[in-house]
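The structure appears right after this line, and notes come after that.
No lab work stands behind these numbers, since they all come straight from the coordinates. The structure displayed is predicted, hence computed values, not measured ones. All Cβ positions, glycine included, derive from the backbone under ideal geometry; neighbour counts span all protein chains shown.
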Amino acid sequence: MILDTNVWCGRWHSRKLSFNTPDKLEQHLRTSGITRAVISTADAVFVGDPQPWNDDLSRSLSGRESFFIHAPVINPTLAHWDDVLTAYAADPARAVRLLPGCHGYSINSSELLPFFRMCSRLGFTVLIQMRMEDERDQHRLVQVPPVGTEEIIELAGGFPDTDFLCLSACFSEAVALSSGVENLYVDISFTEKMNTVAELIARVPVSQVVFGSHSPFFYTEGALLKMKHAEVSREDKNLIMVGNALRILAGDRS
């Protein structure tokens, strides 16, 4: 079993995404060996209010709940974020995705404290999208800096009962994020070394690493090959490919 914590559907401003609908993406992921996936809509990245696009995706996922876990994109600077959290609070796996760089806010703003308090109270896992693209590949008119690791560490320290999954961190960022903060997790989509997984868990506790492909922005096979050729134990592979993600999405840090 493989649980992919980082997939998208929808459209992108500067390239055509393959497998950009839930049905095409599910077929592709299943063919690749993925058995479950956390999905958000790329249509919500550069809009003022993501919720209409979340609603569209929710309708498209009807009947696909056994495969996809919907992580709605939320802009917590908008006035109705509490209504959005309440609407998704009944989901078995409660997760929301934040894009601070694209939506233009600091996650450590005091104005966002009520949002994170409510996430903690309702048991949401908070997915922080550190970047959507490699900065070298960004369109020259759409330059979005990555979310800073120090900001995230400070935030996680202030909400120790909330799990924060940092998606699309590069290798050095993943190492920095694991420094003494047990409720921070990273995926492998952007981490790159000769023996990526082995080198990563030599520096980051294996319990804080999850599988993520960033499909369809990246080839799904890239993340799968990292795991296939990882010089680590079968137990560690299973934790990364499914065990850790299932645990944090269920709100169980034991």
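Scaled against the 2.2 N^0.38 Å expected of a compact globular protein of N residues, the Cα radius of gyration of segment 47-87 reads 1.22.
Within the listed set Asp137, Asp43, Asp55, the residue fluctuating most in the Gaussian network model of the chain (springs between alpha-carbon atoms under 10 angstrom) is Asp137. Across segment 3-249, the mean sequence separation of Cα contacts (distance under 8 Å, 6 or more residues apart), normalised by length, yields a relative contact order of 19 percent. Counting every Cα pair in segment 99-254, what percent are over 26 Å apart? More than 26 Å apart: 25 percent of the Cα pairs in segment 99-254. Model label sites at Glu135 and Ala202, defined 7 Å from Cα along the beta-carbon direction, differ in position by 2.6 nm. Going by amide H atoms built from the backbone, whose H comes under 5 Å of the H on Asp4, apart from near neighbours? Counting only residues 5 or more places away or on other chains, the set is Thr35, Arg36, Ala37, Val38. Note on Lys228: lysines with a C-alpha under 23 Å away, same-chain residues under 8 apart excluded, are Lys193, Lys237. For segment 147-163, backbone phi angles converted through the Karplus equation (6.51, -1.76, 1.60; θ = phi - 60°) give residue-by-residue couplings of 6, x, 5, 5, 4, 5, 4, 4, 4, 4, x, x, 10, x, 8, 10, 8 Hz, Gly and Pro being listed as x. For Ser215, the amide hydrogen comes within under 5 Å of the amide hydrogens of Trp8, counting only partners 5 or more places away or on other chains and with H modelled in the peptide plane. For the pair Asp23 and Val142, a Förster radius of 30 Å applied to the C-beta separation gives a FRET efficiency near 0.60, rounded to the nearest 0.05.
With Cα atoms defining each centre, segment 19-49 and segment 223-250 are spaced 20 Å apart in the structure.
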